[in-house]
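Structure record follows, encoded as structure tokens.
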Amino acid sequence: MKFTENQYLFSHPFSTITSANFQKYPNEHSSHVLSVDILSRSVDPQTSILRSERLVSVKQSAPALLRRLLPIPEIAYFREVSFLDPRAKSFKAISSNLSMRAIVDVEETCELIPQQGAEGTETVFRQRAEVSALGALSYAARLVEEAAVASFNANSWKGRMGLEAVVDKIVKEAEGFQQTVEELEAGLRDMEAGLKEGLEAGIEGLRKGSVGL
Amino acid sequence: MSSISPECNDLKKTYDDCFNKWYATKFLQGDTTPACEEIFTLYRACIWRAIKEKNLDTLIADARKEKPFDTPDAGQ
């Protein structure tokens, strides 16, 4: 059995990071992720916790040596279950492999934890993985565990970069939206002013006995 | 993001857009009443056809039994 852990800090609030996380794929760092589907989703009426169950397919990157030893498919499937607690502001996702279960068990836990930083609200992203290959003492099992951990660590960094890219996109979209709202508001103010002017002219016209509209 | 089956991509996009909007404008603001249910039913029916074709349905059923992950206390 092998463990690995990574932790990153995002200088964005919990709401932005979790919004980005739900739409993380595709991004320019995620060519290994082939598809993401939502299998089920529900909100607990008592706790308001949002539970999502997703099916993710990933292109495998096992070393050639391992490929010669074991029947490793080109595409691996993972099931991810996540819990988002809007009251406690916590997010946790647990992923486990659906493919190659006779050879290896990979369990990954990701958490998003808000914290107060020097420049406002930040979010800590903590990722842990546990890999256990069947036949724990064999050479092949050790190779499987090492390969899984190496690929996990490589993908973890890609995941961090990918999430940051999606956050940037969302923030820009929100700014664009804000700009649109401001433009709309300015337009409405102009229209209102125009209407008021028109109305006043109309009233003035009526007073003078002519139809000024 | 692509769906497991190309024929579900349009349904998935409509559902994702609906969910992401609901998440940001309702759920995070405290209105946790579920939404997007109709499109989710259609999208789910589409992917389950693909899941069965790829023989992933038993793998998913086994995983749900072995690791239900039904509470946030699950996992490490």
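The values are calculated or read from the model by the stated rules, or taken from the named source; none is laboratory data. Since the model is a prediction, treat every value here as computed from it, not as a measurement. Heads up, the Cβs are rebuilt from the backbone with ideal geometry, glycines too, and the neighbour counts pull from every protein chain shown.
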Output the residue which, of all residues in segment A:18-51 that are in contact with a Lys or Arg (Cβ under 9 Å, 6 or more places away or on another chain) and among the acidic types (D, E), is farthest from the other protein chains (Cβ to nearest Cβ). A:D44
Please work out which residue is surrounded by the most Cβ atoms within 10 Å (Cβ to Cβ), limiting yourself to segment A:17-42 and to residues that are of a type in the set (V, I, T) and either in a strand (DSSP E or B) or at pLDDT below 90 (or both). A:V36
For B:Q29, which of the numbered conditions (1) under 18 Å from A:F83 (Cα atoms); (2) surrounded by 12 or more Cβ atoms within 10 Å (Cβ to Cβ); (3) of a type outside the set (A, V, I, L, M, F, W, C) fails to hold? (2)
Among A:R79, A:R128, the single one that is in contact with a Cys (Cβ under 9 Å, 6 or more places away or on another chain) and outside any loop (DSSP other than H, G, I, E, B) is A:R128
Of all residues in segment A:52-109 being surrounded by fewer than 17 Cβ atoms within 10 Å (Cβ to Cβ) and facing chain B (nearest Cβ under 10 Å), which is nearest to A:S31 (Cα to Cα)? A:I75
Suppose the filter is in contact with a Leu (Cβ under 7 Å, 6 or more places away or on another chain) and assigned to a helix (DSSP H, G or I); does A:A174 pass it? no
Output for segment A:1-16, where each listed residue is of a type outside the set (D, E) and assigned to a strand (DSSP E or B): A:K2, A:F3, A:T4, A:N6, A:Q7, A:Y8, A:L9, A:F10
Within the bounds of segment B:35-46, is there any residue that is over 23 Å from B:I4 (Cβ atoms) and more than 8 Å from every other protein chain (Cβ to nearest Cβ)? yes
Is there a residue in segment A:144-161 that is in contact (Cβ under 8 Å) with a residue 12 or more places away in the chain and part of a loop (DSSP other than H, G, I, E, B)? no
When both residues are 6+ apart or on different chains and their Cβ atoms are under 6 Å apart, which pairs have a first residue that lies in segment A:86-97 and is touching a residue at least 12 places away in the same chain (Cβ under 8 Å) and closer than 22 Å to A:V36 by Cα, and a second that is outside any strand (DSSP E or B) and of a type in the set (V, I, T)? A:F91/A:T18
Is there any pair linking a residue in segment B:1-19 that is facing chain A (nearest Cβ under 10 Å) and assigned to a loop (DSSP other than H, G, I, E, B) to one that is surrounded by fewer than 20 Cβ atoms within 10 Å (Cβ to Cβ) and among the polar types (S, T, N, Q), with Cβ under 6 Å and at least six apart or on different chains, and which? B:S3/B:N9
Under the condition of being acidic (D, E) and within 22 Å of B:I4 (Cβ to Cβ), which residue from segment B:47-76 is farthest from the other protein chains (Cβ to nearest Cβ)? B:E53
Picking from A:A133, A:A118, A:A129, A:A88, which residue would you name as being over 15 Å from A:S57 (Cα atoms) and touching a Phe, Trp or Tyr at 6+ places or on another chain (Cβ under 6 Å)? A:A129
